[in-house]
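Contents: one structure, followed by commentary.
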Amino acid sequence: MPQEAENIWDKKVSPSPESEPVQIQAQKFGMDKIRIIGGRRLEGTIPVSGAKNAALPLMCAALLSDQPLHLTNMPSSLHDIRTLSAVLAALGVQVTMPKEHDFILQAKLIKSNIAPYDLVRKMRASVLVLGPLLARTGYAEVSLPGGCAIGTRPVDLHIDGLKAMGAQIVLEDGYVKARAPDGLKGVHIDFPKVSVGATENLMMAACLAAGETVLSNAAREPEIIDLGECLIAMGAQIEGLGTPEIRIKGIKKLHGAVHSVIPDRIETGTWMIAACLTGGTLKLKNARLEHLTALIDPLEEAGLKIACEGTDIIVHRNGRPLTGADIMTAPYPGFPTDLQAQFMTMLTLCEGSGMVTETIFENRFMHVPELCRLGANIKVHGHSTIIRGVEKLKGAEVMATDLRASVALVLAALVAEGETVINRIYHLDRGYENIVEKLRACGADIVRLSGGE
Ligand code: EPZ
């Protein structure tokens, strides 16, 4: 019998009262599983963690200054945060953790300009060191991240933008090798496609470039605004955050700052969908509903009641059966691709049918066959899926394929009849802090099991 597993980060990443460097250890992902007995309503309070996708670029911003960047409300126990800490440490950044959700990152000296394959392959977001490292030192070598489960995910927009700013870039031995010995220069970059990562990378690089950079067709995600606000706190001159045109006036040096990471809108949305699906009432603490406007209408259409109390969001189902709704993912302020799998899971039990269209990534329906194994009726037609509601899902053994697909399976298991075992849940550890504990506190019958396949 597999044993209930300990949360490895609880042990390895305990907060360091003396502000010692964070112990960046090899990640023992293991092959832990989650077992859920479905059918319990969720009732209770879930504290929402700091946003992973805001925290990652914010950590990279530390490369732009020799002074300390103090980040609070960090989702410290996430594997992705650990992986990026290791990448930054390899470059010479001192990463310390004075409190559980606080990180201090100081890049006093850059001791290496190379982000190696071994670390970058674990997490694509490592490519976000490219812009700031190049801008600060004039040289950066970053391993090409390669494809991933949700699509090919090229980084051409990052590279083209830096080239336009005067960098000489070659792709050699699987690495992006970028050189700008005389520094980067401000230019007008009109992105042919909206990219969160490219906007972040170039916004950071532009802070230390000579002259003004204009980013047109820039991403408008709350995480971009959060990064921009932190950079402004570090002395950067940025205008137009949250609009498609961001203007950055380069300066010679940035200084340290203290910045609080925004609450995770994708985690928040995941729990809102969970309440709608399970029929319970959840209070989501420290959340920002204004970051989830595209989710409100379809969730209300499906039957969710949403109220705000200060920074808490309270959600419950209206007592009637779930109603089908249609969504199409799009860059912010559109429906987030990172909530597509969860929303689709909710539709599996709706009355009638719903349609989900994915426009951001070409391969983000990996959860479909797994949901079908639980009894869902989903047909894929190119970039769209038709979900015809079924009366019930039935527990089975399933496989997590990427972060959001994994949490979608957790949601499905919460309402499936009987036992569901989800394999390969290391994906969840990349992006959801204490998910088992958070759900168990709201009444879910959920346990983490250690062990092989
Ligand atoms: C960010 O990825 C997020 N990651 C993703 O979250 C999220 O799904 C995605 O934005 C879209 O919202 C982080 O913030 C760390 P993009 P990113 O560049 O920046 C294409 C999660 O589950 N593209 O906006 O990599 C790309 O292939 C994750 O937390 C190019 O063609 O996404 C995609 O089709 C996964 N060339 C589209 O643009 C490029 O150079 C949008 O990607 C860059 C991107």
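Results, tabulated for the structure shown:
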| read-out | value |
| --- | --- |
| Test: residue in the stretch 160-171 that is within 9 Å of the ligand (Cβ to nearest atom), of a type in the set (Val, Ile, Thr), within 27 Å of Glu245 (Cβ to Cβ) and free of Cβ contacts under 8 Å to residues at least 60 places away in the same chain | no |
| Only one of Glu267, Glu221 that is within 30 Å of Glu309 (Cα to Cα) and crowded, with 24+ Cβ neighbours inside 10 Å | Glu267 |
| Residues (within 24 Å of Arg265 (Cα to Cα), in contact with a Gly (Cβ under 9 Å, 6 or more places away or on another chain) and buried (at least 19 other Cβ atoms within 10 Å of the Cβ)) located in the stretch 386-437 | Leu403, Arg404, Ser406, Val407, Ala412, Ala413, Leu414, Val415, Glu433 |
| Index of the failed condition, Ala287 passing every other in (1) hydrophobic (A, V, I, L, M, F, W, C); (2) touching a Gly at 6+ places or on another chain (Cβ under 8 Å); (3) closer than 28 Å to Ala444 by Cβ | (2) |
| Residues (in contact with a Lys or Arg (Cβ under 6 Å, 6 or more places away or on another chain) and of a type in the set (Val, Ile, Thr)) located in the stretch 66-86 | Thr83 |
| Residues being within 16 Å of the ligand (Cβ to nearest atom) and either free of Cβ contacts under 8 Å to residues at least 12 places away in the same chain or farther than 17 Å from Gly431 by Cα (or both) - total across the stretch 64-85 | 1 |
| Residue within the stretch 118-130 that is open to solvent by less than 20 Å² (accessible area, probe 1.4 Å), within 12 Å of the ligand (Cβ to nearest atom), in contact (Cβ under 8 Å) with a residue 40 or more places away in the chain and in a loop (DSSP other than H, G, I, E, B) present | yes |
| Residue that is farthest from the ligand (Cβ to nearest atom) [pool: residues in the stretch 139-155 that are modelled with pLDDT of 95 or more and open to solvent by 10 Å² or more (accessible area, probe 1.4 Å)] | Tyr139 |
| So Thr213, is it away from the ligand (no atom under 13 Å from the Cβ) and either among the β-branched types (Val, Ile, Thr) or more than 17 Å from Arg136 (Cα to Cα) (or both) | yes |
| Condition broken by Cys276, with the remaining ones in (1) away from the ligand (no atom under 16 Å from the Cβ); (2) open to solvent by 20 Å² or more (accessible area, probe 1.4 Å) satisfied | (2) |
| Any chance Asp182 is open to solvent by 30 Å² or more (accessible area, probe 1.4 Å), within 25 Å of Gln67 (Cα to Cα) and either of a type in the set (Asp, Glu) or at pLDDT below 95 (or both) | yes |
| Candidates Ala198, Ala180, filtered to the one that is within 14 Å of the ligand (Cβ to nearest atom), small (Gly, Ala, Ser) and touching a residue at least 40 places away in the same chain (Cβ under 8 Å) | Ala198 |
| Subset tally (residues that are closer than 13 Å to Ile386 by Cβ, touching a Leu at 6+ places or on another chain (Cβ under 8 Å) and within 16 Å of the ligand (Cβ to nearest atom)) for the stretch 319-375 | 2 |
| Matching residues in the stretch 366-385 - criterion: being open to solvent by 30 Å² or more (accessible area, probe 1.4 Å), more than 24 Å from Gly418 (Cα to Cα) and of a type outside the set (Val, Ile, Thr) | Lys379, His381, Gly382, His383 |
| Selected residue [at pLDDT 95 or above and touching a Lys or Arg at 6+ places or on another chain (Cβ under 6 Å)] from Ile435, Ile386 | Ile386 |
| Filter result (farther than 21 Å from Thr348 by Cβ and not hydroxyl-bearing (Ser, Thr, Tyr)) within the stretch 306-336 | Ile306, Ala307, Cys308, Glu309, Gly310, Asp312, Ile313, Ile314, Ala330, Pro331, Pro333, Gly334 |
| Search result, residues across the stretch 338-364 that are open to solvent by 30 Å² or more (accessible area, probe 1.4 Å) and either part of a loop (DSSP other than H, G, I, E, B) or aliphatic (A, V, I, L, M) (or both) | Leu349, Gly352, Met355, Thr359, Ile360, Phe361, Glu362, Asn363 |
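Okay, residues lined up against (1) assigned to a strand (DSSP E or B); (2) under 22 Å from the mean Cα position of the chain (by Cα); (3) small (Gly, Ala, Ser):
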{"site": "Ile387", "(1), (2), (3)": "yes, no, no"}
{"site": "Val390", "(1), (2), (3)": "no, no, no"}
{"site": "Val398", "(1), (2), (3)": "yes, no, no"}
{"site": "Ala405", "(1), (2), (3)": "no, yes, yes"}
{"site": "Ala412", "(1), (2), (3)": "no, yes, yes"}
{"site": "Asp429", "(1), (2), (3)": "no, yes, no"}
{"site": "Val436", "(1), (2), (3)": "no, yes, no"}
{"site": "Gly443", "(1), (2), (3)": "no, no, yes"}
{"site": "Ile446", "(1), (2), (3)": "yes, no, no"}
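The values are calculated or read from the model by the stated rules, or taken from the named source; none is laboratory data. Treat the numbers as computed from the prediction; the structure is a model and nothing was measured. Glycine gets a Cβ as well: all are built from the backbone with ideal geometry, and neighbour counts include every protein chain shown. Quick note on the areas: whole protein, heavy atoms, side chains included, nothing else; ligands and nucleic acids left out. Shrake-Rupley method; radii C 1.70, N 1.55, O 1.52, S 1.80 Å.
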